[in-house]
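Q: Got a structure here, written out as structure tokens. Questions coming.
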Amino acid sequence: MICLEEQFLLDAVKLEKLYRGCVREAACGCRLTPNEIAVLLFLRRHAPEKDTATDIAQIQGISKALVTRSLDSLYRRGFVQGIRDQEDRRIVHLRLCGEGIKVAQQLYMCGSRVTAQLRCGISEEELEMVQDVMQKMHHNLDELLKTMEGQVKGHV
């Protein structure tokens with residue numbers, strides 16, 4: 001019999017496979033990397049309040065170099081545009097444009113369908129309890145990742 005921890009990890013892997021398959025379909029053969037997908041979905045959800053490469057890196061937990069690489073690819077393909085801040089020219093605000101708007105919406109709808117199916121038969125009270133637990137696990141995950149980064153840097 002599989003213990004609770006193992007089942008949780010197995011289910012997390014299943015969910016990732018399901019989501020990646022759905023995302024591939026939603027991206028219409030655009031050959032997007034996972035980080036490019038994360039950038040598109042981030043901008044769809046957070047812009048214009050949070051719309052810089054730094055915002056994406058900090059909130060998504062993706063390195064600034066990886067965000068920059070993803071943005072370069074998305075710029076070249078016409079999915080994203082950058083607009084210099086009028087008050088501080090060093091800041092570039094990012095916006096979805098062209099095909100990026102359509103693809104980001106399709107990706108979002110894909111995620112919404114998966115979420116809706118996962119929620120079937122679960123009461124609002126149960127969902128609130130799950131959300132509380134997931135917030136705690138999210139915090140623990142962030143702490144684990146920080147610890148791992150510190151260990152890796154310490155051995156380099």
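Q: What percentages, rounded to whole numbers, describe P(r) for region 98-156 computed over all alpha carbon pairs with 10 Å bin width beginning at zero?
A: Per 10 Å bin, starting at zero, the Cα-Cα P(r) for region 98-156 comes out as 18, 24, 27, 24, 6 percent.
Q: Using a Debye calculation, one point per C-alpha and no hydration shell, please list log10 I(q)/I(0) for the chain at q = 0.08, 0.16, 0.18, 0.20 Å⁻¹ in order.
A: Treating every Cα as an identical point scatterer, log10 I(q)/I(0) equals -0.30, -1.10, -1.25, -1.35.
Q: What accessible area per residue comes out for the chain, rounded to a whole number of Å², with a 1.4 Å probe?
A: 73
Q: Give, rounded to the nearest 20 debye, the magnitude of the charge dipole that the chain has about its Cα centre when Lys and Arg contribute +1 at Cβ and Asp and Glu contribute -1 at Cβ.
A: Value, rounded to 20: 960 debye.
Q: Which of these, Leu94, Leu107, Leu127, has the largest mean-square fluctuation under a Gaussian network model of the chain (Cα springs below 10 Å)?
A: Leu127
Q: Of Ser123, Ser73, Ser63, which has the largest mean-square fluctuation in a 10 Å C-alpha GNM of the chain?
A: So, out of Ser123, Ser73, Ser63, the one fluctuating most is Ser123.
Q: Rounded to whole Å, give me the distance from the Cα center of region 113-149 to that of region 23-96.
A: So the two Cα centres are separated by 24 Å.
Q: Given the whole protein assembly as supplied and a 1.4 Å probe, what does the accessible area of Glu16 come to in Å², nearest 10?
A: 90
Q: Report, in order of residue number, the helices in the chain meeting two criteria: a C-alpha extent of 15 Å or more along the helix axis, and a mean Kyte-Doolittle hydropathy of at least 0.5; treat each whole DSSP H run as one helix.
A: none
Q: Checking the cross-link filter: which lysines have an alpha carbon closer than 21 Å to that of Lys146, excluding same-chain neighbours under 8 positions apart?
A: Here the lysines satisfying the reach criterion relative to Lys146 are Lys64, Lys136.
Q: Please list Cys110, Cys120 in order of solvent-accessible area, largest first, computed with a 1.4 Å probe with all protein chains present.
A: Cys120, Cys110
Q: Going from most exposed to least, what order do Ile2, Ile56 have by accessible area with a 1.4 Å probe?
A: Order by accessible area, largest first: Ile2, Ile56.
Q: In whole percent, how big is the carbon plus sulfur part of the accessible area of the chain, probe 1.4 Å, protein atoms only?
A: Of the solvent-accessible surface of the chain, carbon and sulfur hold 57 percent.
The values are calculated or read from the model by the stated rules, or taken from the named source; none is laboratory data. Note that this is a predicted model, so its numbers are computed, not measured. Every residue, glycine as well, gets a Cβ built from its backbone with ideal geometry; the counts of neighbours run over all protein chains shown. To get the accessible areas, we keep the full protein, side chains included, count just its heavy atoms, and leave off ligands, DNA and RNA. Shrake-Rupley method; radii C 1.70, N 1.55, O 1.52, S 1.80 Å.
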